[in-house]
1. Conditions: (1) in contact with a Leu (Cβ under 9 Å, 6 or more places away or on another chain); (2) among the aliphatic types (A, V, I, L, M); (3) modelled with pLDDT of 95 or more. ILE102 meets all but one. Number of the miss?
2. Could you grab me the full set of residues in region 44-75 that are modelled with pLDDT of 95 or more, of a type outside the set (Lys, Arg) and more than 18 Å from LEU14 (Cα to Cα)?
3. When only residues in region 95-104 that are touching a residue at least 12 places away in the same chain (Cβ under 8 Å) and open to solvent by 20 Å² or more (accessible area, probe 1.4 Å) count, which is nearest to SER117 (Cα to Cα)?
4. Do you know which of the residues in region 111-133 that are within 20 Å of PHE89 (Cβ to Cβ) and part of a helix (DSSP H, G or I) is least open to solvent (accessible area, probe 1.4 Å)?
5. Name the single residue, out of those in region 1-41 being among the polar types (S, T, N, Q) and out of contact with any helix residue (DSSP H, G or I) (no Cβ under 8 Å at 6 or more places or on another chain), that is farthest from LEU79 (Cα to Cα).
6. Conditions: (1) touching a strand residue (DSSP E or B) at 6+ places or on another chain (Cβ under 6 Å); (2) closer than 21 Å to GLY95 by Cβ; (3) part of a loop (DSSP other than H, G, I, E, B). ASP61 meets all but one. Number of the miss?
7. Open to solvent by less than 100 Å² (accessible area, probe 1.4 Å) and more than 27 Å from LYS4 (Cα to Cα): does that describe LYS137?
8. Here is a check on your reading of the model: is ILE34 among the β-branched types (Val, Ile, Thr) and at pLDDT 95 or above?
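The values are calculated or read from the model by the stated rules, or taken from the named source; none is laboratory data. Remember, predicted model here, so these are calculated numbers, not experimental data. Because the Cβ atoms are built from the backbone with ideal geometry, glycine has one as well, and the counts that use them run over all protein chains shown. Surface accessibility is based on the protein's heavy atoms, side chains included, excluding ligands, DNA and RNA. Shrake-Rupley method; radii C 1.70, N 1.55, O 1.52, S 1.80 Å.
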Amino acid sequence: MEIKRKNKLDFIQLHGTENPCFCKKLFKQGLKLIKSFRIDNFFSFKKIIDYIPFCYYFLFDSNTIYYGGSGKKFCWKKLYEYTFKVPFFLSGGIGPQDFNQIKNFSHSKMFGIDINSKFEINPGRKDDLKLNAFMKKIREL
């Protein structure tokens, strides 16, 4: 809560093993949550049902041993199995070369994309030119 107040954050992204009870507790304290889930071919969207009342958005990322920033993709076709009301961010190894794939991907609940490691010069440092060029193309869709 202190980090939220200090940094004037609108949303908090949870990218770990937080359970629905933890999310409920944060939600009741007024936090707007984005809950991340690691997706692979065996993922069942039934796992997220108990999170729905407490999350404004979901973020679907690749299932790797690390939390985020792996640069790995998952098969986006898996997202066609998602039928719940909570909008989601598409994540997982998205890079400049993925523009056409993103352009051709359509899902009524996709809110946006989460881009990260493929736009970094080194960990935590973005390549502003690459990032801005990609964002400009995406916004023109």
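1. (3)
2. Result: SER44, single match.
3. Filtering first and then ranking leaves PRO96.
4. PHE119
5. The qualifying residue farthest from LEU79 (Cα to Cα) is ASN7.
6. Result: ASP61 fails condition (3) only.
7. Yes, satisfied.
8. yes
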